[in-house]
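Comments concern the structure below.
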Amino acid sequence: MTELTYLFAAVAVLAGLVTSISIWAPRRLWLKLTALGAAAMFLPIGYLSLAHLLSLPKPVALEWWLTHAPTATVLGSTVREDEAIYLWLQLEQVAEPRAYALPWSRDLAEQLQTAQREADANQSQVRMRLPFEATLDDREPKFYALPQPPLPSKDVGRAPAQVYDRNTDV
């Protein structure tokens with residue numbers, strides 16, 4: 001949510017600068033009032049449009065902030081054939097999950113489905129390699145299931161359990 005605040009502050013400053021220039025320009029009064037009214041309408045519309053974009057999945061090609069993420073955990077996905085692959089990703093650098101849209105690819109959809117089946121069988125999670133980089137290297141799949149988590153250790157070297165006897169005086 002802080003990114004929205006910073007983006008809106010930048011929009012507000014730019015709108016204020018343009019409005020200030022138009023008000024101080026040697027023009028007629030009705031043009032100056034029109035510029036002021038347009039700026040007053042632009043600010044809430046700009047904020048609402050930025051807030052609306054928060055609920056939409058971001059195309060992966062437009063991610064410019066986290067481009068060097070090596071992996072991401074796939075929390076959820078929806079595949080729409082010939083449209084897009086929608087992903088809910090948890091990135092290591094970001095606390096909250098984010099929604100992204102991959103361009104439609106039959107191979108990626110099959111990789112995702114296979115990885116989800118393996119993860120369900122292993123009771124693990126699906127991971128994604130290089131989520132924001134378009135790579136032509138198809139030797140390694142983009143989606144993969146984590147291996148089955150190890151069983152809990154048996155604590156072989158721990159101390160024996162204490163036994164309490166009610167007949168002994170303490």
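Observations on the model:
- Some residue of segment 70-88 being assigned to a loop (DSSP other than H, G, I, E, B) and either touching an Asp or Glu at 6+ places or on another chain (Cβ under 9 Å) or under 29 Å from Val11 (Cα atoms) (or both): yes
- Of the candidates Ala84, Ala95, the single residue that is buried (at least 16 other Cβ atoms within 10 Å of the Cβ), under 25 Å from Leu54 (Cα atoms) and not basic (Lys, Arg) is Ala84.
- Thr34 being among the β-branched types (Val, Ile, Thr) and in the same structural domain as Glu110 (by TED's automatic domain parsing): no
- For the residues Leu4, Leu33, the requirement of being within 30 Å of Tyr86 (Cβ to Cβ) and either in a helix (DSSP H, G or I) or among the hydrophobic types (A, V, I, L, M, F, W, C) (or both) singles out Leu4.
- Only listed residue being modelled with pLDDT under 90, hydrophobic (A, V, I, L, M, F, W, C), surrounded by 14 or more Cβ atoms within 10 Å (Cβ to Cβ) and more than 23 Å from Glu140 (Cα to Cα), chosen from Leu50, Leu66, Leu56: Leu50
- Residue among Leu130, Leu151, Leu136, Leu146 that is in contact with a Pro (Cβ under 8 Å, 6 or more places away or on another chain) and at pLDDT below 90: Leu130
- Test: residue in segment 108-129 that is touching a Leu at 6+ places or on another chain (Cβ under 9 Å) and assigned to a loop (DSSP other than H, G, I, E, B): yes
- Ala115 small (Gly, Ala, Ser), outside the structural domain of Tyr6 (by TED's automatic domain parsing), modelled with pLDDT of 85 or more and surrounded by 17 or more Cβ atoms within 10 Å (Cβ to Cβ): yes
The values are calculated or read from the model by the stated rules, or taken from the named source; none is laboratory data. All figures in this text were calculated on a predicted structure; none of them were measured in a lab. Reconstructed Cβ throughout: ideal geometry from the backbone, glycine too, with neighbour counts over all protein chains shown.
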